[in-house]
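The values are calculated or read from the model by the stated rules, or taken from the named source; none is laboratory data. Just so we're clear, the structure is a prediction, and the values are computed from it rather than from any experiment. Virtual Cβ from ideal backbone geometry, glycine too; neighbours counted across all protein chains shown.
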Amino acid sequence: MEQEVYAPQQNTFTCVLCGLSTPFTYFGQKPPNTRAIVLLEECFVTRDPFSPDKERFLVLGSKCSLCGSCACVGSDCSLFYTTRFCMRCVNKNLEQFPAAIQSEVAKKPTSKPAVP
Amino acid sequence: MDSDKRRDSRGSWDWDNPQCRAQLDEIFFRQHDYIQAGSPEHKDFWAFFDRFQRFRTKKDMHGLGHSKSSETGEGKEGKLDLGLPKEYDARYRINVSVCTGDVEERLGRSDHRHRSSGVGKEQIADCRLAYLHFLDFRQRQSFGKLAKLRRDQKNLPIYQYRDRIVDLVRQHPVVVVAGDTGCGKSTQVPQYLLSSGFSQIACTQPRRIACISLAKRVSFESLNQYGSKVGYQIRFETTRTEATKLSFLTEGLLLRQIQQDPSLAQYQVLIVDEVHERHLHCDFLLGVLRSLLSCRPDLRLILMSATINIKLFSNYFASAPVLQVPGRLFPIQVIYQPIPPEEQASRLEKLDPRPYLRVLQGIDQRYPSEERGDLLLFLSGVAEISTIQEACQVYATHTQRWIVLPLHSTLSLVQQDKVFDISPPGVRKCIISTNIAETSVTIDGVRFVVDSGKVKEMSFDPKAKMQRLQEFWISRASAEQRKGRAGRTGPGVCYRLYAESDYDAFAPYPVPEIHRVALDSLVLQMKSMGLGDPRSFVFIDPPPASSIQTAVTYLREQGALDSRGELTSIGSLLAQLPVDVVIGKMLVLGSVFNVVEPVLTVAAALSVQSPFLRSAQHNPDCATARQPLLSNQGDPFTLLNTFNAWVEVKGERGGGSRKWCRRRGLEEQRLYEMVNLRRQFKELLKSHGLLESAAPPAAGERGQRRERLTERRKLHQLKREHDLTEGSRRKVLRLGVDAEGGSDSGSDAEDAGKRSKDKNRPGQSTDIQEVKFKLRHNVSELQEAALASQDLSSRQQSILKLVLCRGLYPQLALPDEHNSTRKDSEQVFHTRNKHSVVIHPTSVFASDPEVLQVPEDEVRELGAERKGPESSRHQLLSFVTLLETNKPYLSNCVRVPALQALLLVANSVDSNADCSRLVVDGWLELELREPDGALKVLSSALSLRADWERLLLARLGQSLGQGQGASGAGGVSRKEMDKLSEGLVRFLLYTEVSYSLRRLTAFQTQNLYVGPQPESEPIKNPLFPGVEAKPDPIKGGLRVTTFFTYNCLADSRDLYSECLRTFWTCPNCELYMPFTPLERMQHEATCRPPGEVQDTEAAAESSMTTSSLSAPSLTRLYHCDVCDEDLTLTSTEILKHKRQHMASLK
Ligand SMILES: [Zn+2]
Ligand SMILES: [Zn+2]
């Protein structure tokens, strides 16, 4: 199942919801040097620039399991609940999510403006 | 549901049991796992684990653990079933899993053992869950930072112009981007260009520190995606590699690169930032780039500036397009509060603090203390700052509402750093600063600005050859810049302590540096870049022709330019060294002798700010601790001692050096700068073939090397950790403690001690400087070098002094003849161009001036009182800087023996007929009591200088001709050099002639020379054939060497007068004859002891082929009129030959 795409060239991940755009170095479920750790979805990954350790990974986002659009992991743009949902799809199917999530979504200011 | 059981079991197992944790570590955090046991992250995990378990327990107790099955099942007809689990579990929100199947399986087999110590399935599951949450937490944390970073970038005013900028750069060779502080141009423009496909970008900065911080910032903002692709290059330090696409560098360095590579082929895009600051290098760089553009049509040039005088730059580059970006400034209210006449200080008085105090009071009255906002007060200089600081401190102590902090470049870095700390609630910072806070240092949170309207600026007085620090009114541009500092984080207020009419009368812009400073280095660089006559170069704002002329004259005096204004060989080497001319000269001279190590240290020490903190000078403890470091030979020797002692401490105690420095009132940062600089100087000399490369390490040391490698890896890790946390923690200032800090009472040292006990202080855990130091330098190697220059023998010391003195020449000062009758604090000195200067209080000679005086018992009063005392112990001061502030001060002085130093370094030595009277450089007069001794001294000086010059040129010829391949001292034998230095030492230390030394009066200098001799006395067939002696067209007399003119002084007698001849026996060849002084010198210069002859001849011959020298050749063609024959003879032989004829005539 592993689909490793090493990308030394400029591969850029862009969130369709908030427009966050940043280069990624790997796409898949098993970023390099993660040993026993496996991702439960195929993710856009980069090296964590905020960690002193060079080998830490950082998940930028992934594709919505329903609509397939790229969404960042920011809580305004997507959520993970056994699989990835972009906030548009979450809002469309809100009633199927557990109450805890429903109330969480309700607290958020309604969808933010997309790409500037 | 078995939540009860769960809770029980969770409660029952002991989270803190180390054994238990160790076993869990074996499962999750093994040696090769993502997180390893023992790493900082591992520690973080267990801390997280504790919190997590406590949280879960609490949740369970409140029954909040699991929401009841959701109502999701209902009312979803016709809709897609997402198939989500019915029961909510936070676990489902984590997109990570940890596979430890293999380990657990192994564990299962030995289940018993684990059960007994408490680790079972339950515990493993708990730990796994916590681990997943930990990973998720970390991801969120980092992603949050990333998102914030991107948000901030988008919020910058310049973001809107992103595409416009890229388009303009694509279409035009030159683009001007003008934007005020805070618009983000320096960090963003390079990134916009990078991400739109430009590469090989260089961005220049006026300050080194900005290069480093910008490279860090841009590399960080681009998530290190470019890794090594963003770097910086500053003097002697580079992070640039093959892969570098963007590098930040200083203007000076880019100029150096143009020197090496005139088409600058290595770059595609050049960004010149802060062009409005009009630094010397920047103005020059713009001129060079302007002409470079014509031969590099593909090159893109972007000028970035504040919104000041933009037209000037655009016009200079054929009306280049301008993109103006609004800054992000909040509205600022300007209040003019001119200082009433009765409170205005006259030039000599202290500043009256009342106008400043009124502003503080006004703020306290008008603005409630819970409204935050600090005050930034601009004054002209350090003395002004301490006056106002003192007064404000009294007010602050009284009101408990202010913390007063000074800010200027001579403060210790710890002190400077304080201005970034946060004040406690209800208290404001009052930062009293020089113009350093106008552009170089940016402090957030400032709401009030007080502008005195004054600035102290360095200017160069070409007549006195002196730097001068003078107070001026600022320009309107500076006033606006200062005002702007109040509106960075919110609306602000700017109090101007001058009238609006004053403001209107200010100059629009500051005077560009090129109009204020000495242009020596600039002219030297222009010469070496082949830019032709500096006077015709198209500067954006040409300097006055007189400044250029002064520089040319100075460079000629320094031997960097010849009489036609062309580069000499030493000049072209100096032009390649990125240091001051005098420092460069020292390095080159030092490499010829065996004093390289100490010269490297001294050169580095003189190129950085002094490590001795001024404020610690009056602290008796510091003074005592410093005592052993002081050298009464001179300040450079004190610096040398200090550096060596520090290196020793570094070697023995490593991190303990910080404390060592603190006790002595030393700024360790300066020592770090010195050690870096020193290393770079060394590399520079090596790359120019002036220093042998060290032998590669022996193979047997492999183990040691590996050890060092492991250590380096650890250090690198420490450095990375530091880089990430740097600047993120700011300390909260305390009333009382911090408020008093930095007063000039010498409390710095104690204060720093107090503060460093504070655990919150960043850098307390890791001394990052120590880490960098260890990464960069081989301590044992340094120690060796320190040892080599620690106990200098008196011989080495005198050679070192000579090297310094020749490097610094013509910067010499003469002690006033009446100094012995004056108080220590009133000692006066004279330079050639400036009378009555004093020694700066930081100099060793300020506290110990006696060593400069002629010892009492040495003095032999001559009958003629006006000549002053006679002695063989007169001394001069060789100095690095002459700076006028309230008085003209000499600093960094070395004492040198007067007669010897002058004869060995001066450009002009004139004598009378018997050489008993000498005038040096037209201002110093020496009278030697015994003509015989005088002759001897003079003639040995002549031959030493000839040898020195010859060896130096040979050495330089080697380095310039062969460059890197040159293996050390190939052409010049070590033996010759040793002989020369032996000779110099003997001359310096053991010359025992008595003489008087004084400064000529203005009247005397007018009638100094005999002047050109009339034609009626043609000098046909000069008596001294070996010497290219020609009559001097101005002074008269005979020009014997480039620096020595014989018999030109007005009291000189007839050149041919036989009465000048006296009988003399040559100690070498035992020739006994009547000689004139000049004949005798000539003979001495060529006649060597029998054993030496061959050596010298061979050397002289080889030197003849390489360069034309002032040194006399040994043989020449001589036509004897009596024999009517052409003879090849040495001058002595010619002399003998002529005597023969004379004798036969009788
Ligand atoms: Zn997003
Ligand atoms: Zn979707």
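Checking the structure you have, find out if any residue of the stretch B:168-176 is under 23 Å from B:Tyr232 (Cα atoms) and within 14 Å of chain A (Cβ to nearest Cβ). The answer is no; no qualifying residue exists. Scanning the stretch B:417-433 for residues that are among the β-branched types (Val, Ile, Thr), more than 28 Å from the chain's Cα centre (by Cα), within 30 Å of B:Ile514 (Cβ to Cβ) and part of a strand (DSSP E or B) turns up nothing. The residues of the stretch A:17-27 that are surrounded by fewer than 18 Cβ atoms within 10 Å (Cβ to Cβ) and more than 8 Å from chain B (Cβ to nearest Cβ) amount to a single one, A:Gly19.
When you go through B:Glu122, B:Glu104 one by one, which is the residue that is more than 9 Å from every other protein chain (Cβ to nearest Cβ), in a helix (DSSP H, G or I) and either at pLDDT 75 or above or within 16 Å of ligand 1 (Cβ to nearest atom) (or both)? The unique qualifying residue is B:Glu122. Let me confirm something: among A:Phe50, A:Phe57, A:Phe44, which residue is within 18 Å of B:Ala147 (Cα to Cα), at pLDDT below 95 and more than 8 Å from every other protein chain (Cβ to nearest Cβ)? Going through A:Phe50, A:Phe57, A:Phe44 in turn, just one is within 18 Å of B:Ala147 (Cα to Cα), at pLDDT below 95 and more than 8 Å from every other protein chain (Cβ to nearest Cβ): A:Phe57.
Among the residues of the stretch A:60-75, just one is more than 8 Å from ligand 2 (Cβ to nearest atom), facing chain B (nearest Cβ under 9 Å) and touching a Lys or Arg at 6+ places or on another chain (Cβ under 7 Å), namely A:Ser62.
Residues that are buried (at least 16 other Cβ atoms within 10 Å of the Cβ) and in a helix (DSSP H, G or I) were ranked within the stretch A:74-99; the one that is farthest from ligand 1 (Cβ to nearest atom) is A:Gln96.
Within the stretch B:602-614, at least one residue is basic (Lys, Arg), touching a helix residue (DSSP H, G or I) at 6+ places or on another chain (Cβ under 9 Å) and in a helix (DSSP H, G or I).
Only one of the listed residues (B:Val596, B:Val602, B:Val649) is in contact (Cβ under 8 Å) with a residue 12 or more places away in the chain, of a type outside the set (Asp, Glu) and surrounded by fewer than 24 Cβ atoms within 10 Å (Cβ to Cβ). That residue is B:Val596.
Within the stretch B:138-158, if we keep just the residues that are in a helix (DSSP H, G or I) and of a type in the set (A, V, I, L, M), the residue that is farthest from ligand 2 (Cβ to nearest atom) turns out to be B:Ile158. Scanning the stretch B:259-303 for residues that are part of a helix (DSSP H, G or I) and of a type in the set (Gly, Ala, Ser) yields B:Gly287, B:Ser291, B:Ser294.
To keep it simple, each residue is scored yes or no on (1) at pLDDT below 95; (2) over 24 Å from B:Lys456 (Cβ atoms); (3) not charged (D, E, K, R).
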{"position": "B:Arg328", "(1), (2), (3)": "yes, yes, no"}
{"position": "B:Val334", "(1), (2), (3)": "no, no, yes"}
{"position": "B:Pro340", "(1), (2), (3)": "yes, no, yes"}
{"position": "B:Gly373", "(1), (2), (3)": "yes, yes, yes"}
{"position": "B:Leu377", "(1), (2), (3)": "no, no, yes"}
{"position": "B:Ala383", "(1), (2), (3)": "yes, no, yes"}
{"position": "B:Ser386", "(1), (2), (3)": "yes, no, yes"}
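A residue that is farther than 30 Å from B:Lys834 by Cβ, in contact (Cβ under 8 Å) with a residue 24 or more places away in the chain and of a type outside the set (D, E, K, R) occurs nowhere in the stretch B:454-474.
Does B:Leu135 satisfy the criteria of being touching a strand residue (DSSP E or B) at 6+ places or on another chain (Cβ under 7 Å) and in a helix (DSSP H, G or I)? Yes: the conditions hold for B:Leu135. Looking only at the stretch B:904-915, decide whether some residue is buried (at least 21 other Cβ atoms within 10 Å of the Cβ) and under 17 Å from B:Pro815 (Cα atoms). Looking for residues that are buried (at least 21 other Cβ atoms within 10 Å of the Cβ) and under 17 Å from B:Pro815 (Cα atoms), one finds none in the stretch B:904-915, hence no. Residues of the stretch B:611-621 that are surrounded by 18 or more Cβ atoms within 10 Å (Cβ to Cβ) and either more than 24 Å from B:Gln769 (Cβ to Cβ) or at pLDDT 90 or above (or both): B:Pro611, B:Phe612.
Taking the residues in the stretch A:45-73 that are buried (at least 24 other Cβ atoms within 10 Å of the Cβ) and touching a residue at least 40 places away in the same chain (Cβ under 8 Å) as candidates, determine which candidate is nearest to ligand 1 (Cβ to nearest atom). The residue in question is A:Cys72.
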